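Colleague: Here it is: the structure, laid out below.
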Amino acid sequence: MKYLDEFRNPELAQRLFDEIRSVTTRPWAIMEVCGGQTHSIIRNGIDQLLPVEIELIHGPGCPVCVTPLELIDKALAIASQPTVIFCSFGDMLRVPGSTKDLFRVKSEGNDVRIVYSPLDAVKLAQANPTREVVFFGIGFETTRRPMRWPSIRPND
């Protein structure tokens, strides 16, 4: 598969690691800032293949990448309910839970939407008075738990 097979080619990977070893002449400390980078490095064994002179420092990770698995799984369960419109910032849709992510929940026919502001979720609640709208508030300036708004009826 294009753009996937190239990154899983063991011969190419070996050539890249050989090249890294050949140009590493002094100690290096490299910090991965994103938790997704750290997960990929460890999952694929890259940390074990680098020369000993290269030290990887696992950075703080952004709130999206370091969200606890249990919280992601709770969000997936809520998003899977047929009466829910589940809203989140786009970067959360690819974060894996135990068995799937929000993109998978959406592909299964559930109503998962990307919003750009919590106010977008409020507008959705106003426009959908018979549905429960849930905003998954993860990010630098938001709370770290799902927020539920009761549907706001136009006459209320």
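The values are calculated or read from the model by the stated rules, or taken from the named source; none is laboratory data. A quick note: this is a predicted structure, and the numbers were derived from the prediction, not measured. Every residue, glycine among them, receives a Cβ derived from its backbone with ideal geometry; neighbour counts consider all protein chains shown.
Colleague: Name the residue, out of 78, 85, that is at pLDDT 95 or above, in a helix (DSSP H, G or I) and not charged (D, E, K, R).
Modeller: Only one candidate passes the filter, namely 78.
Colleague: Looking at 101, 111, 120, which one is within 30 Å of residue 40 (Cα to Cα), surrounded by 13 or more Cβ atoms within 10 Å (Cβ to Cβ), at pLDDT below 95 and not assigned by TED's automatic domain parsing to the domain that holds residue 39?
Modeller: 101
Colleague: Only residues that are out of contact with any helix residue (DSSP H, G or I) (no Cβ under 8 Å at 6 or more places or on another chain) and in a helix (DSSP H, G or I): list them for segment 88-105, please.
Modeller: Within segment 88-105, 90, 91, 103, 104 qualify.
Colleague: Name the residues in segment 118-134 that are closer than 13 Å to residue 86 by Cβ and charged (D, E, K, R), would you?
Modeller: 120, 131, 132
Colleague: Output the number of residues of segment 65-97 satisfying the condition of being in contact (Cβ under 8 Å) with a residue 24 or more places away in the chain, touching a Leu at 6+ places or on another chain (Cβ under 9 Å) and over 20 Å from residue 32 (Cα atoms).
Modeller: Result for segment 65-97: 9.
Colleague: If the requirement is being modelled with pLDDT of 85 or more, in contact with an Asp or Glu (Cβ under 9 Å, 6 or more places away or on another chain) and of a type outside the set (Val, Ile, Thr), which of these qualifies: 51, 27?
Modeller: Selected residue: 27, the only one of 51, 27 that is modelled with pLDDT of 85 or more, in contact with an Asp or Glu (Cβ under 9 Å, 6 or more places away or on another chain) and of a type outside the set (Val, Ile, Thr).
Colleague: Let me ask something else about it. In this structure, is residue 18 surrounded by 11 or more Cβ atoms within 10 Å (Cβ to Cβ) and not hydrophobic (A, V, I, L, M, F, W, C)?
Modeller: It is false that residue 18 is surrounded by 11 or more Cβ atoms within 10 Å (Cβ to Cβ) and not hydrophobic (A, V, I, L, M, F, W, C).
Colleague: Here's something else I'd like to know. Report, by residue number, each residue of segment 29-73 that is part of a loop (DSSP other than H, G, I, E, B) and farther than 17 Å from residue 94 by Cα.
Modeller: Selection gives 33, 44, 45, 50, 51, 52, 53, 59, 60.
Colleague: Would you mind finding the one in 34, 62 that is in contact (Cβ under 8 Å) with a residue 40 or more places away in the chain, out of contact with any His (no Cβ under 8 Å at 6 or more places or on another chain) and either β-branched (Val, Ile, Thr) or surrounded by 15 or more Cβ atoms within 10 Å (Cβ to Cβ) (or both)?
Modeller: Just one listed residue meets the conditions, 62.
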